[in-house]
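Only the coordinates and a few stated rules stand behind these numbers; no lab work does. Predicted model only: the values in this text are computed from it and were never measured. A quick note on method: Cβ atoms are made from the backbone with ideal geometry, for glycine too, and the neighbour counts reach across all protein chains shown.
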Amino acid sequence: MRSKIVAGNWKMNKTYQESKALVKELKKSVKEIKLDNTRIIIAPPFTNLQKVSKKTKDTCIEVAAQNICALESGAFTGEISAPMIKSIHVDTVILGHSERREYFGDTDELLAKKVDTALKNDLEVIFCFGEVLEDRKSGNHFKVVEEQIKKALFHLTSEEWVNIILAYEPVWAIGTGETASPEQAQEMHAFVRELVAERYISGISENISILYGGSVKPTNAKEIFSKEDVDGGLIGGAALSANDFLAIVKAI
């Protein structure tokens, strides 16, 4: 049975003081939520990872990094390695986010290397993929998603997929207020699950969690999460508010 997951990506938001306050609110309120096969993950900025990891240690809240370098060490100023992440007891990393692809040159080929480095260091990967508006309008969205997944992930062994979570994020619905309809989300998630099933044994595709990311809010989360192949969400803006984020958790 695949896990339900609500993951909050804080992006480049929250100072240390603001992070402490948000975590305090989350810890206080999450106790009231019944979590049946549901994981809660938050991804603060690198500067707050260690403190947030410590403050959530004895709770149901897990912590993820937002990125890693493809290399494990060396003269690469400003980069953060997988061993560094593991050393502060963080076990999950987000890779392939559209903002990393657009602004920082994360190609499919580079992401394949980052995925390998993450898995080599026992990090679970939340792998993001999705099309821009032009691809959606031209009907090219399935092809784009297929290429992103194949190039970055289809070299993995069946065993390595145990540590992969997929996250579909239509780029045109991130931070724009636009949201893919529940039907559009289900259509793409079902396509991706079948794509994985064609390459690997069916058990892998049935057990892998596929999240939806793209302007998920308390007002639309329940409808989106009700779809058969939508196993949760990768939440952006709404993850910066404890009330909104936990309302989304409750919706699942």
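See the values below:
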quantity: Over the chain, relative contact order from alpha-carbon pairs under 8 Å, at least 6 apart, %; calculated: 21 percent
quantity: Net length gained if the chain between ILE201 and LYS137 were fully extended (0.36 nm per residue, minus Cα distance); calculated: 19.8 nm
quantity: Fraction of alpha-carbon pairs over 22 Å apart in the chain - percent; calculated: 51 percent
quantity: Sorted by Cβ neighbour density within 10 Å, fewest at the top, the residues GLU25, GLU178; calculated: GLU178, GLU25
quantity: Fully extended contour minus Cα-Cα distance, from ILE88 to THR47, at 0.36 nm per residue; calculated: 13.6 nm
quantity: Reachable lysines, given that their alpha-carbon falls under 21 Å from the alpha-carbon of LYS113 and they are not under 8 places away in the same chain; calculated: LYS86, LYS150, LYS151
quantity: For segment 126-252, convex hull of alpha carbons as volume per residue, Å³; calculated: 98 Å³
quantity: Hits among aspartates and glutamates - C-alpha to C-alpha of LYS250 under 16 Å, sequence gap 8 or more where chains match; calculated: GLU25, GLU32, ASP36, GLU223, ASP231
quantity: Segment 32-73: GluC sites (Glu not before Pro) falling in loop per DSSP and having at most 14 other Cβ within 10 Å; calculated: GLU32, GLU72
quantity: Kirkwood Rh, Cα atoms: Rg over Rh of segment 1-60; calculated: 0.98
quantity: Selected from GLY237, GLY177, GLY214 as most flexible by GNM, with the chain as the system and alpha-carbon contacts under 10 Å; calculated: GLY177
quantity: For segment 21-30, 3J(HN,Hα) per residue [Karplus equation, 6.51 cos²θ - 1.76 cosθ + 1.60, θ = phi - 60°, Hz, x = Gly/Pro]; calculated: 5, 5, 4, 4, 5, 4, 4, 5, 8, 5
quantity: Segment 76-197, relative contact order in percent, only Cα pairs under 8 angstrom and at least six apart counted; calculated: 26 percent
